[in-house]
Amino acid sequence: MSSTPNNQSNAAAEAALDSIRSTIKFFRVTSYITGIVLLLVMALFVLRRGVGFELWAFGPNGLISAEPFFEDKALMPLSGLSLTMAILIVHGWLYVAYLFGDFRLWTLLRWSFWRFLVIAAGGVVPFLSFFTERHFTKIARADLAQLEKAGKAN
């Protein structure tokens with residue numbers, strides 16, 4: 001028993017719709033996580049530049065401590081891990097995942113490049129990822145509903 005071309009096209013269309021659904025979920029999760037970590041980065045920036053301290057783990061003053069921040073790295077603790085730098089690195093990798101979700105939405109839904117750039121800014125502008133997630137998820141779901149409706153009509 002062989003499958004007909006119509007069944008194959010229906011299966012391909014359903015697979016494409018499933019891909020869009022999973023991409024929307026991925027985008028939502030990465031938006032929130034990236035946004036929260038970006039707020040943490042901003043708080044650590046205020047701690048470093050505003051107050052003059054940096055967070056350290058396993059440093060000379062205990063499990064987690066606030067150490068004075070110096071531009072001269074020779075004056076920084078010799079042992080431990082700078083939590084500030086670690087969180088900056090983590091945010092960078094989370095932003096890559098966020099951009100991947102943005103790229104997938106952009107390609108699957110064939111959105112404009114401008115929309116791609118606005119969403120991309122959400123990972124580097126504090127609080128913007130929460131707004132882009134809400135706004136563009138709504139648009140993506142509407143686009144998905146139209147695609148589902150068009151698929152049922154065929």
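The values are calculated or read from the model by the stated rules, or taken from the named source; none is laboratory data. For clarity, every value in this text was computed on a predicted model and none was experimentally measured. Here the Cβ is made from the backbone with ideal geometry for all residues, glycine too, and neighbour counts use every protein chain on show. Note: areas computed on protein heavy atoms with side chains; ligands, DNA, RNA excluded. Shrake-Rupley method; radii C 1.70, N 1.55, O 1.52, S 1.80 Å.
In this entry, Leu47 passes the filter for residues that are surrounded by 12 or more Cβ atoms within 10 Å (Cβ to Cβ), at pLDDT 85 or above and of a type in the set (A, V, I, L, M, F, W, C). A search for C-beta distances below 7 Å between a residue of segment 7-33 that is at negative phi and any residue that is open to solvent by less than 80 Å² (accessible area, probe 1.4 Å) and outside any helix (DSSP H, G or I), counting only pairs 6+ apart in sequence or on different chains, returns Ser31/Gly122.
Scanning segment 8-44 for residues that are open to solvent by 60 Å² or more (accessible area, probe 1.4 Å) and either β-branched (Val, Ile, Thr) or outside any helix (DSSP H, G or I) (or both) turns up Val29, Ile33, Ile36.
The condition (being more than 15 Å from the chain's Cα centre (by Cα) and among the aliphatic types (A, V, I, L, M)) is satisfied by just one residue among Ala121, Ala97, Ala142: Ala142.
Considering the conditions (1) within 19 Å of Phe130 (Cβ to Cβ); (2) touching a helix residue (DSSP H, G or I) at 6+ places or on another chain (Cβ under 6 Å); (3) touching a residue at least 60 places away in the same chain (Cβ under 8 Å), Met42 is excluded by exactly one of them, (2). None of Phe113, Phe103, Phe131, Phe136 is open to solvent by 70 Å² or more (accessible area, probe 1.4 Å), under 15 Å from Ile20 (Cβ atoms) and modelled with pLDDT of 95 or more except Phe103.
Residues in segment 28-46 that are of a type outside the set (S, T, N, Q) and in contact with an Asp or Glu (Cβ under 7 Å, 6 or more places away or on another chain): 2 in all. Any idea how many residues of segment 59-80 are closer than 22 Å to Gly92 by Cβ and either modelled with pLDDT of 90 or more or open to solvent by 90 Å² or more (accessible area, probe 1.4 Å) (or both)? Within segment 59-80, residues that are closer than 22 Å to Gly92 by Cβ and either modelled with pLDDT of 90 or more or open to solvent by 90 Å² or more (accessible area, probe 1.4 Å) (or both) number 3.
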